[in-house]
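All remarks here apply to the structure that follows.
No lab work stands behind these numbers, since they all come straight from the coordinates. Since we're looking at a predicted model, the values are computed, not measured. Quick reminder, even Gly has a Cβ in these numbers, built from the backbone with ideal geometry, and neighbours come from all protein chains shown.
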Amino acid sequence: MKRSLSIRAYLFISHAILLATSLGAIGFIWSRNEYHVLTQELQKLLIQRVELLSNVVGHEIGEHGSVVFEWEEFPQIQIDGNIRAVYVDNSGVLHELVHDTVNPREADLFLQLSSEYYLKDNSFSTIVDMQQESTSLYAASPVFDASQQRIGMVCLLMPIEYLDAYIARLRLILAGAILFVILLGAGGSTLLTNYFSRQFTRAQGLAATVAEGDYHLRIPEEGPTELRDLSSYLNQLAGKLQEQVRVRRTLLANVAHELARPLAGLQLGIESLRKGAIQDADLADDLLVNMGQTIHRLEGLVDDITLAAQPENRPIELHPSALALEPFLQGIATRFWSLADSRGIRLEVQIEAGLPSAYADERRLNQIMGNLVDNAIKFTPRGGVIRLHAERADENGIRIKVHDSGSGFSREEIERLFEPFYQGDVGRRIKQGMGLGLAIARQLAQAHGGTLELRNHPDGGALAVLTLPIATA
């Protein structure tokens, strides 16, 4: 399998790229801005000097007819060795204001620029321009005589190559700072990635353990919200898988237990018939009745298992019709009479007079009532009574009650009795049933549009209350 970078490496690389890109962009923008600010400051300085110089030159020409003078007499102008200063008269003749400072190339540039500005605007004021691919600043200002007639122009040229060197040094310093910050960020990134990857490694270990079929491992739910949620979901997944395994094992054990007794009874009945019991009509009839009831219980068991295995999002298929409850409940009592009688339990059926028919699927209602009555028989002591009572609940519903004289439920049991495979303290002690009956009964009741509730009867014992819709004409 092709190996890829670990999440730690991805986080480290992404942090380094982010830091380098961000700081590089900031440094570039800052250096460009610094260059622009310095250039503007130099432009302001050059404007001040060229305007002062144009006034001085105009005064000197008016007084002495010459433009060569001693700079020491005008300290406010401060023309240093880096600045080239010339005077260009109206005839286009160039006069150096500082001897031997302007080379021929610069002289040609002065004449070219001065002629361009003369042609461009005959009444120009101070002008600043960038020349020679931004390596020099050029400034020009007109010179006037005493009668305010323009007699020429003063031009200054300031090389700014040193600014490039200055910016280059700044960028070098900035590059060092970026490298330092990247190293610092790398250290912090390493700490963060170690922290994050540790939790991811735990999650990976849990996932691998679950994939191998071990669902007992849990991981700490810590770290940022996303990691806590991931850990929580993985723990929940492992817990649900563990519960499913437990349920599956419980189901298999309960099915084996539930099948063992009726199959043993069927085998015993068949052996008895083979050994001559069939010659005794009464005995044979009793055996066949018991075998029929056993087969009926097995059918109910198969129905319960089939319904329990059905996906939760799949609707239960029903075929409801008008169902008279008196003969139906009498049939339920007859079906369980032999089992109840063998345990010394009396079954009673009470039907409210004038009770309308229920709108129900007879087969599924038989399954509901079979589970309720069978459950009542399991938990009713010898000599007890189980009463089946049907009455009208309201104008739209019918209520069927199953009341036994057993020990009833504890508060904790009532909250869990509808959980699949939960049997309660009594159920675990007697070891009967799969723990599916009540859960399936409620599921079927809800599919009918009714309800199923369990509670303790005020006179003692357990009470199951089933509501069903009334059949309409």
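At 0.36 nm per residue, minus the direct Cα-Cα distance, what do ALA208 and ARG363 gain on full extension? Give it in nm, one decimal, please.
Working it through step by step, the gained length comes to 51.2 nm.
Subtract the Cα-Cα distance of GLN330 and GLU226 from 0.36 nm times their separation in residues, and report this length gain in nm to one decimal.
Taking 0.36 nm per residue and subtracting the Cα distance, the gain is 31.5 nm.
If we count every other residue with Cβ under 13 angstrom of PHE328's Cβ, Lys/Arg +1 and Asp/Glu -1, where does the sum land?
Residues near PHE328 contribute 0 overall.
Amide H of GLY408 versus every other amide H placed in the peptide plane: which residues, excluding those fewer than 5 positions away on the same chain, fall under 5 Å?
The list, which skips near neighbours in sequence, is GLY461, ALA462.
Putting +1 on Lys and Arg Cβ atoms and -1 on Asp and Glu Cβ atoms, find which of TYR359, LEU388, LEU347 reaches farthest to the positive end of the dipole of the range 344-395.
Sorting the options by dipole projection puts first LEU347.
Using the Karplus curve 6.51 cos²θ - 1.76 cosθ + 1.60 with θ = phi - 60°, what ³J(HN,Hα) values do you get for each residue of the range 331-340, in whole Hz, with x for Gly and Pro?
Along the range 331-340, the couplings run x, 4, 4, 5, 4, 9, 4, 4, 5, 5 Hz.
I want to check the label-to-label distance for THR190 and GLN149. Put each point 7 Å from Cα in the C-beta direction and report it in nm to one decimal.
For THR190 paired with GLN149, the spin-label model returns 8.2 nm.
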